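Please read the structure below before turning to the comments.
All of the numbers you see were taken from the coordinates with simple rules; none came from a lab. Everything numeric in this text was worked out from a predicted model, so none of it was measured. Cβ coordinates were reconstructed from backbone atoms using ideal geometry, including for glycine residues, and neighbour counts include every protein chain displayed.
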Amino acid sequence: MRISNARKYGAAFFLSLGLIVLVSCWSPEVTQTAESSLQQAQTLATGMTQQLITQTPQTPRFGQPIDCQLGQDCFILLYPDRDPSPNAVDFGCGRQTYDDHQGTDFAIPDEQAMARGVPVIASQAGTVLRVRDGVVDQRVANEADKTAVTGTECGNGVVIDHGSIPQGTGWETQYCHLRQGSIQVKPGDQVEKGTVLGLVGASGLASFPHVHLTLRYNGQVIDPFVGPGATAGCNVTRHPIWEKPLAYIPTGLIRAGFSTQPPTMDELWQGKFNETILPENSPALLFWVQVYGVLTGDKMIFNLDDPQGNKVVNNETFVNESSKTWMAYVGKRNNPQQPFTPGTWNAEYQLIRGDRTLVKTQRQLILKAEKSN
Ligand SMILES: [Zn+2]
């Protein structure tokens, strides 16, 4: 996936004599396709093959392409686009996709998780067809970054032919944006389901660390949440081809934490501001959240309590523009006349849509007393 323009929305509300800050930032929107450069001659799909593809008992099943616990240490950020027009819609009629996005993006929280290493694994047994490595992991943030990856949009990638699955002939999987130097297979290798192919990275046209998985049957892209033979659009009859059902969670938490300065989206993807202990003389204390899939009108509640249980922030606000990724923070500047109280500070964030609480998370920070001499 990529970021297409540099729109940024910022709003600052200074409450109670300028001590408390609430700033929301919507990340630039994602609007254009990627990850097709390993397809090469895989564009043989015709209207005829399209009609012939239907769900059969022989249709193979595919596992998630990443060795992590979905909803805990990884999440699905973007789905295949099911709208053939220049608009985009995911299978759940949501907006967690972009025009002509052909795969599913399994994301990890930040580049620190990426550095620790999260394995990309084969979704099914097969034979490695093509491999590319050597593309630098550099998240795309603007048009110049995008131009720089022209021709290598998939980044470091692997394509597997699943023709060896009994009666599963014609299936292919493609894995994109792997970490530079991490690919562990070569063309001709036989792999099993779960074989490690490499590590999650951010190479090619990627604006966050993730692995993009495209499924193809006879060269035609298949949305694994819907299965072959489905009509275009959302809320169609679905026959998912995942081995185990994968939940549709179009809104969720990426990370939350504390900082002593306003974070940027870029810094959050880098993995900064994960401290749980900070000095009491910090210039400010901010509680930040990074979430995906916010919609216009979503209600957000922020709470920040000092160690005595006093409400330093108790703020309710509404999202004023839908966004695929989003961040906000609240907090307080340190005041020499009334300095921060050392001890455990408690923060809570809720994202509410209608009568449903979609995200609720708590964090604790220890403000450490300075040593007296
Ligand atoms: Zn993708």
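Report the normalised scattering of the stretch 47-222 as log10 I(q)/I(0) at q = 0.17 Å⁻¹, calculated by the Debye formula with identical scatterers on the alpha carbons.
Here the Debye-derived log intensity ratios amount to -1.10.
Summing +1 for each Lys or Arg and -1 for each Asp or Glu, what net charge is found among the other residues whose Cβ lies under 10 Å from the Cβ of Trp171?
Local net charge: -1.
Check which residues have an amide H placed less than 5 Å from Ile254's amide H, if you skip close sequence neighbours.
Gln290, Val291, Tyr292
Per residue of the stretch 182-197, in order, report the coupling 6.51 cos²θ - 1.76 cosθ + 1.60 (Karplus, θ = phi - 60°) as ³J(HN,Hα) in whole Hz, putting x for Gly and Pro.
9, 5, 10, 10, 9, x, x, 5, 8, 10, 9, 4, x, 4, 6, 9
What is the sum of charges, Lys and Arg at +1 and Asp and Glu at -1, for the other residues whose Cβ falls under 13 Å from the Cβ of Arg130?
-1
Can you give the extra length, in nm with one decimal, that the chain gains between Asn310 and Asn335 once fully stretched, where that is 0.36 nm per residue apart less the Cα-Cα distance?
7.4 nm
Using the Karplus curve 6.51 cos²θ - 1.76 cosθ + 1.60 with θ = phi - 60°, what ³J(HN,Hα) values do you get for each residue of the stretch 319-325, in whole Hz, with x for Gly and Pro?
Values per residue, Gly and Pro as x: 5, 9, 7, 4, 7, 6, 9 Hz.
Over all alpha-carbon pairs in the stretch 252-320, figure out the percentage whose distance exceeds 14 Å.
66 percent
Any idea how far apart Lys368 and Thr147 come out in nm if each label point goes 7 Å out from Cα toward Cβ?
Placing both labels 7 Å along Cα→Cβ, they lie 4.6 nm apart.
What percent does the relative contact order of the stretch 220-323 come to when contacts are Cα pairs within less than 8 Å and at least six residues apart?
21 percent
Which of the peptides 212-220, 359-367 is most tightly packed, and how do the rest follow, going by the mean number of other Cβ atoms within 10 Å of each residue?
Order by mean packing, descending: 212-220, 359-367.
Hey, which lysines would be in cross-link range of Lys360, C-alpha to C-alpha under 30 Å, not counting anything within fewer than 8 residues on its own chain?
Of all the lysines, those that pass the test against Lys360 - Cα under 30 Å, at least 8 places apart if same chain - are Lys8, Lys244, Lys272, Lys299, Lys311, Lys324, Lys332, Lys368.
Work out, step by step, the length gained on full extension between Asn320 and Arg238: first 0.36 nm times the residue separation, then minus their alpha carbon distance; give nm to one decimal.
26.3 nm
Using θ = phi - 60° and the Karplus curve 6.51 cos²θ - 1.76 cosθ + 1.60, what whole-Hz ³J(HN,Hα) does each residue of the stretch 79-94 get, with Gly and Pro shown as x?
10, x, 7, 9, 9, x, 7, x, 7, 9, 8, 8, 5, x, 6, x
For Asn274 paired with Thr296, estimate the spin-label separation in nm (one decimal), with each label point 7 Å from Cα along the Cα-to-Cβ line.
It works out to 3.6 nm between the two label points.
Using only C-alpha positions, report the orientation-averaged shadow area of the convex hull of the stretch 254-368, nm², one decimal.
Hull-based average projected area comes out at 6.9 nm².
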